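Q: A single structure is presented below for examination.
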Amino acid sequence: MAGVATLGFLVALEVAARRYGLPGPITTQMQEVVIAPKSGFLLYAGMALMMVVLTWRERFIALGVAIGIDVVFFLVRWAADIKVTDGHPFGNGALWVILGYAVIAVTRRTGRERALLLKGVGLGLLLVAGRKTGDTWLLITAKTRPAVLDTYLATADHALGNPSWVAGRILAAAGPIGSHVLDYVYIQLPVAAVVISLYQMRRVAAERGFPAHHLVRTFLVIGLLGPAIYMIFPVVGPVFAYGGGAFGTGGEHWAIASLWPHTPPPIAPPHPVSFDTLTPRNCMPSLHTAWATAIFIHSRKGPRVLRFAGTFWLVATLSATLGFGYHYGVDLIAGVVFALTIEAALRSLARGWDRSGTQLVAHGTAVFAALLVAYRYLPLEMAKHPWLFGPLLLLAMGSVIHGYIRTTKSWEPIATPALQPEPQPRVA
């Protein structure tokens with residue numbers, strides 16, 4: 001049923017994209033069987049997820065075949081003088097291996113082994129399809145939402161001290177090295193998620209089954225539900241709405257004013273603003289913040305190096321989203337609440353719903369809805385009274401964080417100490 005629902009969703013999105021003259025997620029994915037993929041790293045990450053169901057010998061063979069196919073593609077492109085100008089010159093081999101194992105599962109496996117291999121293939125393809133689905137969604141938001149609500153968020157952001165403007169100036173002063181590091185972290189967020197997921201699924205091949213809950217589930221649901229909020233609350237971000245800024249990202253022609261990152265926007269009654277049909281309306285909530293929050297949560301059960309990596313990725317992602325002018329501060333608060341609510345719902349679904357899980361999800365949903373309403377209808381009051389609304393925003397987010405920690409801690413099994421044998425009297 002989940003597979004049929006996913007396929008139906010992809011087909012519907014393909015049809016919607018075609019109506020606007022755009023290729024849908026199915027088309028763009030099938031094109032990468034031959035053409036240079038947009039992200040070779042993501043395809044190899046998807047193959048790594050698929051390989052959790054294989055033995056070590058099968059993994060080495062699959063990796064060798066993928067690299068071999070990529071070498072052949074490279075030589076063919078070189079011989080035909082085909083230049084790769086967009087995307088990566090590798091990754092086709094990984095996609096071929098994933099599809100090849102789908103054929104093997106159907107033709108060479110039976111019963112439980114077939115189901116397990118198909119789950120592995122589906123997991124790898126879902127990661128890649130999730131990226132393609134997101135790209136299509138972003139194009140649709142630009143085509144269907146001609147007006148953006150950036151003035152509302154920029155006004156509400158005064159309650160937090162305009163953090164995007166502050167972070168933009170700090171990043172500009174830090175020089176190119178810091179920008180390159182944060183840009184890499186921002187782009188390779190799915191690869192970081194795969195690393196955590198591989199640790200969570202390290203026993204799949206031996207136990208012949210997947211854990212009840214893992215990071216990929218949260219990652220995909222965040223990417224599935226997030227664009228629906230984009231359609232309700234279309235926002236392009238400060239670097240586009242308020243000028244190219246220090247990084248020359250673009251949007252100057254349609255910008256409201258050239259202010260970012262040096263001059264915070266004035267406090268004035270907000271209103272919808274017309275924008276171009278190319279820039280994605282992908283700010284509210286910040287899904288990069290939501291994904292980084294999910295990575296941080298799932299890294300807590302790993303070894304020290306994974307916990308450190310999860311913390312680094314969260315801090316670096318928050319810094320990048322603000323420093324590059326992709327998001328307002330209020331986007332990040334909504335992103336954290338969004339991620340914790342989805343994570344709580346998925347964990348409750350995996351372990352069985354109870355009163356504590358239902359209350360946590362209801363609380364997170366109510367806070368998220370209240371944030372959207374406040375951003376839309378109270379931004380001017382928020383900007384005029386920052387010492388009231390700033391702490392209230394942080395307290396609202398903090399209440400969801402506290403509720404999540406307290407509730408999930410109660411779900412953890414209580415370790416009972418092993419019973420020690422009582423000393424027996426010595427027999428003479």
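Q: Against the condition under 27 Å from Gly134 (Cβ atoms), in contact with a helix residue (DSSP H, G or I) (Cβ under 9 Å, 6 or more places away or on another chain) and open to solvent by 30 Å² or more (accessible area, probe 1.4 Å), how does Leu99 come out, does it pass? So that I can check it myself, show each step before the final result.
A: Details: under 27 Å from Gly134 (Cβ atoms): yes; in contact with a helix residue (DSSP H, G or I) (Cβ under 9 Å, 6 or more places away or on another chain): yes; open to solvent by 30 Å² or more (accessible area, probe 1.4 Å): yes.
Considered against the rule, which asks whether it is under 27 Å from Gly134 (Cβ atoms), in contact with a helix residue (DSSP H, G or I) (Cβ under 9 Å, 6 or more places away or on another chain) and open to solvent by 30 Å² or more (accessible area, probe 1.4 Å), Leu99 comes out as yes.
Q: Determine if the range 299-313 includes at least one residue that is open to solvent by less than 60 Å² (accessible area, probe 1.4 Å), outside any loop (DSSP other than H, G, I, E, B), hydroxyl-bearing (Ser, Thr, Tyr) and without any contact (Cβ under 8 Å) to a residue 40 or more places away in the chain.
A: Checked against the condition, which is being open to solvent by less than 60 Å² (accessible area, probe 1.4 Å), outside any loop (DSSP other than H, G, I, E, B), hydroxyl-bearing (Ser, Thr, Tyr) and without any contact (Cβ under 8 Å) to a residue 40 or more places away in the chain, the range 299-313 yields at least one hit.
Q: Could you please give the count of residues in the range 135-153 that are open to solvent by 20 Å² or more (accessible area, probe 1.4 Å) and within 16 Å of the chain's Cα centre (by Cα)?
A: Residues that pass the stated criteria total 3.
Q: Answer yes if at least one residue in the range 322-331 is under 21 Å from Trp411 (Cα atoms) and in contact (Cβ under 8 Å) with a residue 60 or more places away in the chain, and no otherwise.
A: no
Q: Among the listed residues Val103, Val128, which satisfies the condition of being without any contact (Cβ under 8 Å) to a residue 12 or more places away in the chain and closer than 26 Å to Ala12 by Cα?
A: Step by step, each of Val103, Val128 is checked, and only Val103 is without any contact (Cβ under 8 Å) to a residue 12 or more places away in the chain and closer than 26 Å to Ala12 by Cα.
Q: Continuing with this model, one more query. Among the residues of the range 18-37, how many are within 18 Å of Phe90 (Cα to Cα) and crowded, with 18+ Cβ neighbours inside 10 Å?
A: 5
Q: Another question about this same structure. Mind listing just one residue for me: the one in the range 254-274 that is out of contact with any Pro (no Cβ under 7 Å at 6 or more places or on another chain) and open to solvent by less than 30 Å² (accessible area, probe 1.4 Å) and, of those, nearest to Ala383 (Cα to Cα)?
A: The qualifying residue nearest to Ala383 (Cα to Cα) is Pro265.
Q: Being open to solvent by less than 40 Å² (accessible area, probe 1.4 Å), under 13 Å from the mean Cα position of the chain (by Cα), in contact (Cβ under 8 Å) with a residue 12 or more places away in the chain and over 30 Å from Tyr152 (Cα atoms) is the requirement here; does Val204 meet it?
A: no
Q: Moving on. For the range 144-245, list the helices (runs of 4 or more DSSP H) that sit wholly inside it and hold at least 2 residues that are of a type in the set (S, T, N, Q); which are they? If you could, list the steps in order and put the result at the bottom.
A: Details: elements: 150-156, 163-174, 176-187, 189-200, 204-207, 215-232, 238-241.
Those helices (runs of 4 or more DSSP H) span 150-156, 189-200.
Q: For the subset of the range 102-127 comprising residues that are among the aliphatic types (A, V, I, L, M) and open to solvent by 30 Å² or more (accessible area, probe 1.4 Å), which member is farthest from Ile67 (Cα to Cα)?
A: Ala115
Q: Would you mind telling me which numbered condition in (1) open to solvent by less than 10 Å² (accessible area, probe 1.4 Å); (2) modelled with pLDDT under 90 Ala156 fails?
A: (2)
Q: Is at least one residue of the range 265-283 without any contact (Cβ under 8 Å) to a residue 12 or more places away in the chain and outside any helix (DSSP H, G or I)?
A: So far as the range 265-283 goes, yes, one or more of its residues are without any contact (Cβ under 8 Å) to a residue 12 or more places away in the chain and outside any helix (DSSP H, G or I).
Q: So the check is Cβ under 6 Å with 6+ separation or different chains; which pairs have a first residue in the range 75-93 that's open to solvent by less than 60 Å² (accessible area, probe 1.4 Å) and a second one that's at pLDDT below 85 and charged (D, E, K, R)?
A: Gly87/Lys38
Q: Related question: Criterion first (part of a helix (DSSP H, G or I) and under 16 Å from Gly134 (Cα atoms)) does Leu22 satisfy it?
A: So Leu22 fails the test.
The values are calculated or read from the model by the stated rules, or taken from the named source; none is laboratory data. Keep in mind it's a predicted model, so treat the numbers as computed, not measured. Quick reminder, even Gly has a Cβ in these numbers, built from the backbone with ideal geometry, and neighbours come from all protein chains shown. To get the accessible areas, we keep the full protein, side chains included, count just its heavy atoms, and leave off ligands, DNA and RNA. Shrake-Rupley method; radii C 1.70, N 1.55, O 1.52, S 1.80 Å.
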